[in-house]
């Protein structure tokens, strides 16, 4: 539904250039909620404003619903009209609501319909339907100054839906709201995604937003996307920075002859007593150094940092058992990097401090227990 290819945005700042986007490739599938997360200055807002061409990209292409929007830009009046028509299929929700204080709630929602030339009765009927959809039918005659922050954002969402868009863009829509209101707005976005078949692209710096509502996510740093995929895929990817941010765990080895392992639970494995099975099967004492569990997309997902007795070489089989149970296991390095046992596949490098354990099947339990 949304695809950017080689997207670059360079701003001129006095005597120097600032690169906000540096060759961004992004693909958002139809009907999904996709989150782009990153710290301030990562390029998130520039990205979402380039998707609907509120900001014109320096280079690269933006395609929405099969239409190349960048091909409609900068070619005279007729092309401008085509771009405006294309934008009606893209709704946008802003961080600071952008409501007109002099107009009632109903009038604010009617505004884009006025611009589209919809007749008075038709636009009023449509605006009332949208206010009912976002739970604010009783506030139609109120003014923005009489509303709470969450109510203002609901009006902004209703207004963004006025043109019956296929895509809804959300630029930090919950960052100015308290946690409880944030949860209600995120639930509304998910409901609209499911009821209307909307594709939602949201920008955020809050990890809880990704955990609560997103099907897929991308991590941006310094104008580039460094990781992307479904939330499940990212959690199962060895060395994923986003997985570590979503479910942070801490704790260090209690001694030099210990192996610390980060274990990721998702899917059916999250509800099974795998750690206790590991302890009983191999008759080893396991220490839990830290854990973080949550529900993502209706499924329990989490990470746990455990400590096994003995060095890495002595724990290849127990760690293989964890992987056989459908868990992702990453060994946290000590000062010297653990050596790969003779004859075992080489491990793949993760971020600093971790090593992804090579694919390995544990031997049958009866043999392992001998």
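Below is a table of values for the structure above.
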| quantity | calculated |
| --- | --- |
| Filter result (touching a strand residue (DSSP E or B) at 6+ places or on another chain (Cβ under 7 Å) and over 19 Å from residue 196 (Cβ atoms)) within the range 142-173 | 171, 172 |
| Matching entry among 60, 31 (being part of a loop (DSSP other than H, G, I, E, B), touching a helix residue (DSSP H, G or I) at 6+ places or on another chain (Cβ under 9 Å) and surrounded by 13 or more Cβ atoms within 10 Å (Cβ to Cβ)) | 31 |
| Leading residue by the ranking (farthest from the chain's Cα centre (by Cα)) among those in the range 270-294 that are at pLDDT 90 or above, outside any strand (DSSP E or B) and exposed (fewer than 14 other Cβ atoms within 10 Å of the Cβ) | 283 |
| For residue 259: the one exception among (1) over 25 Å from residue 219 (Cα atoms); (2) surrounded by fewer than 19 Cβ atoms within 10 Å (Cβ to Cβ) | (2) |
| All positions within the range 187-211 that are crowded, with 21+ Cβ neighbours inside 10 Å, within 9 Å of the chain's Cα centre (by Cα) and in a helix (DSSP H, G or I) | 209, 210 |
| Test: residue 86 is more than 28 Å from residue 212 (Cα to Cα) and touching a strand residue (DSSP E or B) at 6+ places or on another chain (Cβ under 7 Å) | yes |
| Number of positions in the range 240-256 that are under 27 Å from residue 20 (Cβ atoms), crowded, with 16+ Cβ neighbours inside 10 Å and out of contact with any helix residue (DSSP H, G or I) (no Cβ under 6 Å at 6 or more places or on another chain) | 1 |
| Where residue 148 falls short, out of the listed (1) more than 21 Å from residue 30 (Cα to Cα); (2) surrounded by 15 or more Cβ atoms within 10 Å (Cβ to Cβ) | (2) |
| Answer from 230, 181 - the residue that is without any contact (Cβ under 8 Å) to a residue 24 or more places away in the chain, surrounded by fewer than 20 Cβ atoms within 10 Å (Cβ to Cβ) and not assigned by TED's automatic domain parsing to the domain that holds residue 320 | 230 |
| Test set (1) buried (at least 16 other Cβ atoms within 10 Å of the Cβ); (2) farther than 25 Å from residue 212 by Cα - residue 11 fails condition number | (1) |
| Residue within the range 225-232 that is farther than 17 Å from residue 207 by Cα, at pLDDT 85 or above and not in a helix (DSSP H, G or I) present | no |
| Yes/no for residue 305 being surrounded by fewer than 18 Cβ atoms within 10 Å (Cβ to Cβ) and at pLDDT 90 or above | no |
| Residue list for the range 34-57, filter: closer than 12 Å to residue 9 by Cα and in contact with a helix residue (DSSP H, G or I) (Cβ under 6 Å, 6 or more places away or on another chain) | 53, 55, 57 |
| Condition met for residue 83 (surrounded by 15 or more Cβ atoms within 10 Å (Cβ to Cβ), touching a helix residue (DSSP H, G or I) at 6+ places or on another chain (Cβ under 7 Å) and at positive phi) | no |
| Breaking point among (1) crowded, with 17+ Cβ neighbours inside 10 Å; (2) in contact (Cβ under 8 Å) with a residue 24 or more places away in the chain, for residue 65 | (1) |
| Filtered residues of the range 153-172 (kept if crowded, with 22+ Cβ neighbours inside 10 Å and under 20 Å from residue 183 (Cβ atoms)) | 153, 154, 155, 156, 157, 158, 160, 168, 170 |
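Quick grid of which residues meet (1) out of contact with any strand residue (DSSP E or B) (no Cβ under 8 Å at 6 or more places or on another chain); (2) assigned to a helix (DSSP H, G or I); (3) at pLDDT 90 or above; (4) more than 19 Å from residue 29 (Cα to Cα):
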residue	(1), (2), (3), (4)
181	yes, yes, yes, yes
185	yes, yes, yes, yes
237	no, no, no, yes
245	no, yes, no, yes
260	no, no, yes, yes
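The values are calculated or read from the model by the stated rules, or taken from the named source; none is laboratory data. Values in this document were obtained by computation on a predicted structure and should not be read as measured data. Methodologically, a virtual Cβ is constructed for each residue, glycine included, from the backbone with ideal geometry; neighbour enumeration extends over all protein chains shown.
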